[in-house]
Amino acid sequence: MSANPGSPMMTDVMPDGCRVTSKPFEELTVTELYEMLRLRSEVFVVEQECAYQDIDGKDPGSWQVMVFDDSGELVAGLRVLRPGVSFPEASLGRVVTRFRSKGYGAVAMREGIRIACEQYGAETLRIEAQCHAIGFYERFGFRVDSTEFLEDGIPHVEMVASLVP
């Protein structure tokens, strides 16, 4: 199964008024950085009640994908990591969305996959996925590639996607 950005499994409709921005971490404005860290904290620390070290040294050198709604509010995002940072392959991480089932997470994923291909020549992507989100990632061609493990008290698995047809 391919996660080629033009593949049928990635045909979600882009939410009305949605705007996507992607840029290297070093080019983020202070406001963009603040909003991204705030969203990650709201979801991963507060909503999921998980105290963890979000500032892990992996953001510098990454690409940041940010999805804004029609009012300009940051509603989803992720980071694209070059090969060798988290895994031998390029990877996506800190995939976060403020609202579920609105399509914002899919927009971020499509852009993250595009950036991984364009910036890193990625042919394969590897992620660590919370187990409850496996179905979401499968829509983009990811398949489970490990046994379940706990990360910060939350069940996770590694998943991998081939980006070449």
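The values are calculated or read from the model by the stated rules, or taken from the named source; none is laboratory data. Worth saying up front: this structure is predicted, and the values here are computed from it rather than measured. Please note: Cβ atoms are built from the backbone with ideal geometry, for glycine as well, and neighbour counts cover all protein chains shown. We work out accessible area using only protein heavy atoms, side chains counted, and drop any ligands, DNA or RNA first. Shrake-Rupley method; radii C 1.70, N 1.55, O 1.52, S 1.80 Å.
Taking all pairs of distinct Cα atoms, average 1/r, flip it, and tell me the Kirkwood hydrodynamic radius of region 66-164 in Å to one decimal place.
Numbers: mean 1/r = 0.0726 Å⁻¹.
Mean inverse Cα-Cα distance, inverted, gives 13.8 Å.
When all protein chains stay in place, what accessible area (Å², nearest 10, 1.4 Å probe) is found for Tyr120? Ignoring ligands and nucleic acids, Tyr120 comes out at about 60 Å². Shape summary: region 57-98 maps onto an equivalent ellipsoid whose semi-axes, from the alpha-carbon gyration tensor, are 24, 9, 7 Å in decreasing order. Efficiency by 1/(1 + (r/R0)^6): what FRET value for Leu150 and Leu37, r their Cβ-Cβ distance, R0 = 22 Å, to the nearest 0.05? Working from the Cβ atoms, E equals 0.35.
Charges only on Cβ, +1 for Lys and Arg, -1 for Asp and Glu: so what's the dipole of region 37-127 about the Cα centre, in debye to the nearest 20?
Working: 12 positive and 13 negative charges, 28 e Å.
Roughly 140 debye for region 37-127.
In this structure, the amide hydrogen of Leu92, modeled 1.01 Å from its nitrogen in the peptide plane, lies closer than 5 angstrom to those of Leu81, Arg126, counting only residues at least 5 positions away or on a different chain. Computed 3J(HN,Hα) for region 135-144, one whole-Hz value per residue from the Karplus formula 6.51 cos²θ - 1.76 cosθ + 1.60 where θ = phi - 60°, is x, 4, 5, 4, 4, 9, x, 6, 10, 4, glycine and proline marked x.
Evaluating 6.51 cos²θ - 1.76 cosθ + 1.60 at θ = phi - 60° for every residue in region 33-39, the Karplus couplings come out as 4, 4, 5, 5, 5, 5, 5 Hz, glycine and proline recorded as x. A Cβ-based charge dipole, computed about the Cα centre of the chain with Lys and Arg at +1 and Asp and Glu at -1, lands at about 340 debye. Among beta bridges from DSSP that stay inside the chain, the antiparallel ones total about 90%.
Taking θ as phi - 60° and the Karplus parameters 6.51, -1.76 and 1.60, the scalar couplings of region 62-79 work out to 8, 9, 10, 10, 10, 10, 10, 7, 5, 8, x, 7, 5, 10, 6, x, 6, 10 Hz in sequence order, x denoting glycine and proline.
As a test of the definition: which semi-axes, in Å, follow for the chain when you take the square root of five times each eigenvalue of its alpha carbon gyration tensor? Largest first, please.
Details: eigenvalues 88, 73, 55 Å².
Equivalent-ellipsoid dimensions as semi-axes: 21, 19, 17 Å.
Each peptide among 17-28, 125-136, 89-100 gets the average number of other Cβ atoms lying within 10 Å of its residues, and from highest to lowest they stand as 89-100, 125-136, 17-28.
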